[in-house]
Amino acid sequence: MFPFAPKSILTIVTSFILLGVGQANAAVADVIPQLGDLERWTAFSLGRGDRPSLAFGYLFIDGDLGFAGAGNFLIGGHANVAGDVYVPSNGTVLAIDHAVLTGSIFDNQDALLDNYVNEALAASDYAFSLTPNRSNTSVKIGGHHNITITGAPGETVVLSLKNFILKGNSSFTLEGTATTTFIINVSNKFTLKGNSHIDLVGLQWNQVLFNVVGTGHRISLGGNSIFEGILMANNRSMRVKGDATISGEIIANRLRLNGSGRVLHPSIVSQ
């Protein structure tokens, strides 16, 4: 015999289902549906212009790469790509010196890549249209200083910044829960150098978007800096150098990756 009446059992089961739904992980794509499944890439280039994207040195890239537009990708030195590379019909992938590409090259992916370009453009526009709900207008810190911004469960924290510059041993910490998301719009400079780092507490990389808008200064991540999240700069070049580490995803018009850094695409863990 069951110790509960059938109606009681139904109530208990329903409660557990609702509890599970309430604890489901949030993601930037939930807030910005235009993002689609753009998060699938480790690195994505919109590829406007004639210059190719590059990966040189002892760089390690873990995951799939997409190169739209001009679609050219040059990998050299001892760079290692542990994933597949997608290029359009006019694109080429050239590996020289001791470069290693352990995945496959998928040619003639024009329609697929164009779709992701449209998602990137629409997602950036929508993110930039969101009304900020924090008072920060610029982040420029160095030394051993830290800025921490906390989001409540279920909250989308939106910042509108002119500059985002970390140097020295500075850190920028975002703290929240599995249901918190962060959208950080930047209109001018975005630079990480030295031993600076972005730390996520209670969050995973797909809950955080740094959206750098407009043309202008090249995005730069260098030294021993650490970035966690999605970094989008559709109209700019992005340079990763030195021993910088990215955990999440990078999206830019053109990518220039060199040095001994790592670009990683960690799995999303259910919480």
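Structural remarks
- Phi-based couplings in Hz for segment 161-170 (Karplus 6.51, -1.76, 1.60; Gly and Pro marked x): 10, 7, 10, 9, 10, 10, 8, x, 10, 6
- One decimal place: the segment residue 243-residue 122 gains 40.4 nm when fully extended, by the rule 0.36 nm per residue minus the C-alpha distance.
- The chain: angle of helix 110-129 to the longest principal axis, Cα-based, in degrees nearest 10: 60 degrees
- In the context of the full set of protein chains, residues of segment 66-153 present 50 Å² of accessible surface per residue (probe radius 1.4 Å, heavy atoms only).
- Nearest-20 debye value, segment 132-199 charge dipole, Cβ charges on Lys, Arg, Asp, Glu: 380 debye
- Between the listed residues 248, 259, 271, the Cα displaced farthest toward the positive end of the dipole of segment 196-271, a dipole computed from Cβ unit charges relative to the Cα centre, is found at 259.
- Gyration tensor verdict on segment 31-74 (Cα atoms; rounded if a/c is under 1.5, prolate if a/b is larger than b/c, oblate otherwise): oblate
- Using only side-chain charges placed at the Cβ, +1 for Lys and Arg and -1 for Asp and Glu, the dipole size of the chain relative to its Cα centre rounds to 960 debye.
- Derived scalar couplings between HN and Hα for segment 229-244 equal x, 9, 10, 10, 8, 4, 10, 9, 7, 10, 10, 10, 9, x, 10, 4 Hz in order, rounded to whole Hz, by the Karplus curve 6.51 cos²θ - 1.76 cosθ + 1.60 (θ = phi - 60°), x for Gly and Pro.
- Near the amide H of residue 101, within less than 5 Å, lie the amide hydrogens of 81, all on another chain or at least 5 residues away, with H placed in the peptide plane.
- Nonlocal amide H pairs with residue 257, under 5 Å, H built at 1.01 Å: 54, 55, 56, 240
- Taking the chain and dividing mean pair separation by its residue count, relative contact order in percent (alpha carbons under 8 Å, at least six apart): 18 percent
- Under-5 Å amide H pairs with residue 246, H placed in peptide plane, nonlocal only: 227, 262, 263, 264
- Simple spin-label estimate for residue 146 and residue 106 in nanometres, 7 Å along Cα-Cβ: 4.1 nm
- Per-residue SASA entry for residue 117, accessible area with 1.4 Å probe, Å² rounded to 10: 20 Å²
- Answer label for mean projected area of the Cα convex hull in nm² (calculated), chosen among [x] 13.0; [y] 16.1; [z] 17.3: [z]
- 11 Å beta-carbon shell around residue 52, net charge (K/R +1, D/E -1): +2
- Working note: Karplus 6.51/-1.76/1.60 with θ = phi - 60° gives segment 181-198 the couplings 10, 10, 10, 10, 8, 10, 9, 10, 8, 9, 9, 10, 8, x, 9, 6, 7, 9 Hz, where Gly and Pro are set to x.
- Within the straight-line cut-off of under 19 Å between alpha carbons, the lysines reachable from residue 140 are 162, 167, 189, 193, sequence neighbours fewer than 8 places apart in one chain being disregarded.
- These residues, 200, 255, go from largest to smallest accessible area, 1.4 Å probe, as 200, 255.
- Estimated inter-spin distance, residue 175 and residue 268, nm [label 7 Å along Cα→Cβ]: 2.5 nm
The values are calculated or read from the model by the stated rules, or taken from the named source; none is laboratory data. For clarity, every value in this text was computed on a predicted model and none was experimentally measured. Cβ sites come from the backbone with ideal geometry, for glycine too, and all protein chains shown count toward neighbours. Heads up: the accessible areas ignore ligands, DNA and RNA and are worked out on the full protein's heavy atoms, side chains in. Shrake-Rupley method; radii C 1.70, N 1.55, O 1.52, S 1.80 Å.
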